[in-house]
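Trainee: Got a structure for you, questions after.
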Amino acid sequence: MKKVGIIGVGEYLPEKILTNADLEKMVDTSDEWITTRTGIKERHQAAKGEAASDLAFKAAEEALKNAKLKAEDLDLIVVATITGDMPCPSVASILQNKLGAKGAACFDISAACAGFVYGISVAQQFVASATYKNALVVGVEVLTSVTDWQDRNTCVLFGDGAGAVVLSEVKNRGIISTYLGCDGSKLGLLNIPAGGSANPASTETVRNRQHFIKMQGNELFKIAVNTMTRAAEIVLEQAGMTFADVDIIIPHQANARIIMAVAKKLGIPEGRVYLNIERCGNMSSASTVTALCEAVREGRVKKGDIVLLDAFGAGLVWGACVIEW
Ligand code: ACO
């Protein structure tokens with residue numbers, strides 16, 4: 001098996017910023033509530049007509065440039081998203097055409113906030129087995145397109161963005177271990193009830209606002225803390241490491257309180273936790289990857305560092321990954 005690592009990173013956040021002050025004008029909320037309960041100050045919002053593939057394209061171009069590769073060098077494109085341009089075809093197919101990555105195999109992964117970790121875990125197998133040489137993995141969301149702007153429980157949480165990485169053979173250990181999991185019995189805690197085959201779009205589903213994200217945040221909070229803690233323990237054990245070996249943890253950014261509770265349980269000091277939730281909110285599949293890309297660009301992740309990715313979301317799904325940078 002080949003050793004596989006990340007050789008290029010890129011991210012894109014839409015220009016428009018929606019602040020907590022903007023939300024105060026839309027629903028009965030306050031900057032104080034949002035900041036203390038979630039850690040979010042602002043989030044980016046895609047422009048009207050700006051689709052997931054548009055965001056993905058900008059992040060992917062940046063990642064390819066960073067990897068010093070051309071689109072034609074890609075053999076595989078995997079896009080993690082729950083807000084694709086349309087139900088069919090995949091964002092990966094649309095992105096392939098936009099990039100001009102002729103011949104690359106393409107598919108999407110639906111694993112919500114754990115989507116990016118699922119994506120690199122799957123793509124890694126293709127590169128490790130030498131089936132493909134270069135794989136592009138993108139995490140992208142336009143969550144504001146499925147946000148109910150009348151529901152203060154959810155509309156203050158989500159944002160839009162994209163991050164992309166290129167996976168290829170590396171000389172160091174690269175991706176050391178990955179761990180994925182799911183508990184499908186709790187899907188009622190977080191979902192978009194209509195618009196699929198179980199409940200196709202109709203005037204009634206639109207009237208009942210069933211095309212928007214529904215979430216029982218309070219129920220999920222404790223599960224998120226426990227699951228992310230356990231996932232980190234398992235993936236590090238698989239890697240033959242302890243928390244002392246971790247230089248930086250880059251978690252899914254659903255809530256700063258969840259992240260800090262996980263770090264505390266793991267014994268990882270705050271200074272070794274990367275956060276972008278204050279500026280970006282929760283971007284589901286795009287959160288972990290944009291945070292990783294930003295951390296690399298800011299010099300928070302350096303060559304030889306041990307990076308721990310840890311994510312949890314709708315499904316319920318979770319995933320963790322240890323990478324030597
Ligand atoms: N502004 C003001 N008050 C609010 C708001 C708001 N925006 N939203 C809720 N409230 C009120 C509630 O109505 C409630 O009032 P009540 O006590 O009078 O009934 C009170 O605040 C407390 O509400 P809770 O839901 O208990 O608030 P909590 O502290 O749990 O915070 C939150 C809510 C931020 C959603 C939190 O529970 C959370 O982050 N949960 C986990 C989310 C998560 O991990 N999801 C999975 C990943 S996301 C994905 O996969 C797409």
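Laboratory data are not the source of any read-out in this text; all were calculated from the coordinates shown. Everything numeric here is computed off the predicted structure, so don't read it as measured data. A quick note on method: Cβ atoms are made from the backbone with ideal geometry, for glycine too, and the neighbour counts reach across all protein chains shown.
Trainee: Kindly provide the pair-distance distribution of region 132-205 built from C-alpha pairs, with 5 Å bins from 0 and whole-percent values in order of increasing distance.
Mentor: The distribution over region 132-205 is 3, 9, 12, 16, 18, 14, 11, 9, 5, 2, 0, 0, given as percents.
Trainee: Also, quick follow-up: Take the chain, mark every one of the GluC sites (Glu not before Pro) that falls in a DSSP loop and has at most 14 other Cβ within 10 Å, then report the longest stretch left between them, sites excluded.
Mentor: The longest uninterrupted stretch comes out as 16-297.
Trainee: Something else: Taking one equal scatterer on every alpha-carbon of region 4-172, how large is log10 of I(q)/I(0) by Debye at q = 0.16, 0.19 1/Å?
Mentor: Treating every Cα as an identical point scatterer, log10 I(q)/I(0) equals -0.87, -1.10.
Trainee: Next up: Which of the lysines could a cross-linker bridge to Lys2, judged by Cα under 16 Å and excluding same-chain residues fewer than eight apart?
Mentor: Partners within reach: Lys133, Lys171.
Trainee: List the trypsin sites (Lys or Arg not before Pro) within region 279-325 that fall in a DSSP loop (any state other than H, G, I, E or B) and whose Cβ has at most 13 other Cβ atoms within 10 Å.
Mentor: Lys302, Lys303
Trainee: When the Debye formula is applied to the Cα atoms of the chain, each taken as the same point scatterer, what base-10 log of I(q)/I(0) results at q = 0.08, 0.10, 0.13 Å⁻¹?
Mentor: Calculated log10 I(q)/I(0) at the listed q: -0.33, -0.52, -0.90.
Trainee: Something else about it: Taking the Cα centre of the chain as origin, work out the dipole magnitude from +1 charges on Lys and Arg Cβ and -1 charges on Asp and Glu Cβ, in debye rounded to 20.
Mentor: Once rounded to the nearest 20, the dipole reads 440 debye.
Trainee: Give the residue from Leu180, Thr144, Thr154 lying farthest towards the positive end of the charge dipole for region 143-198; charges sit on Cβ (+1 for Lys and Arg, -1 for Asp and Glu) and the dipole is referred to the Cα centre.
Mentor: With unit charges placed on the Cβ atoms, the residue in question is Leu180.
Trainee: Same structure again: Take the Cα coordinates of region 88-214, assign each an equal point scatterer, and use the Debye formula without solvent to give log10 I(q)/I(0) at q = 0.14, 0.16, 0.20, 0.21 Å⁻¹.
Mentor: Log10 I(q)/I(0), no solvent term: -0.80, -0.98, -1.26, -1.31.
Trainee: Per residue and in cubic angstrom, what volume does the convex hull of the Cα atoms of region 216-325 have?
Mentor: It is 91 Å³ per residue.
Trainee: Just subtract the alpha-carbon distance of Arg207 and Arg272 from 0.36 nm times their residue separation and send over the number in nm, one decimal.
Mentor: Roughly 18.8 nm would be gained on extension.
Trainee: Under the rule of -39500 (n - 2.57) per DSSP H run of 4 or more residues, summed and divided by the residues of the chain, what mean residue ellipticity at 222 nm is obtained, to the nearest 500 deg cm²/dmol?
Mentor: Using -39500 (n - 2.57) per qualifying helix, the result is -10000 deg cm²/dmol.
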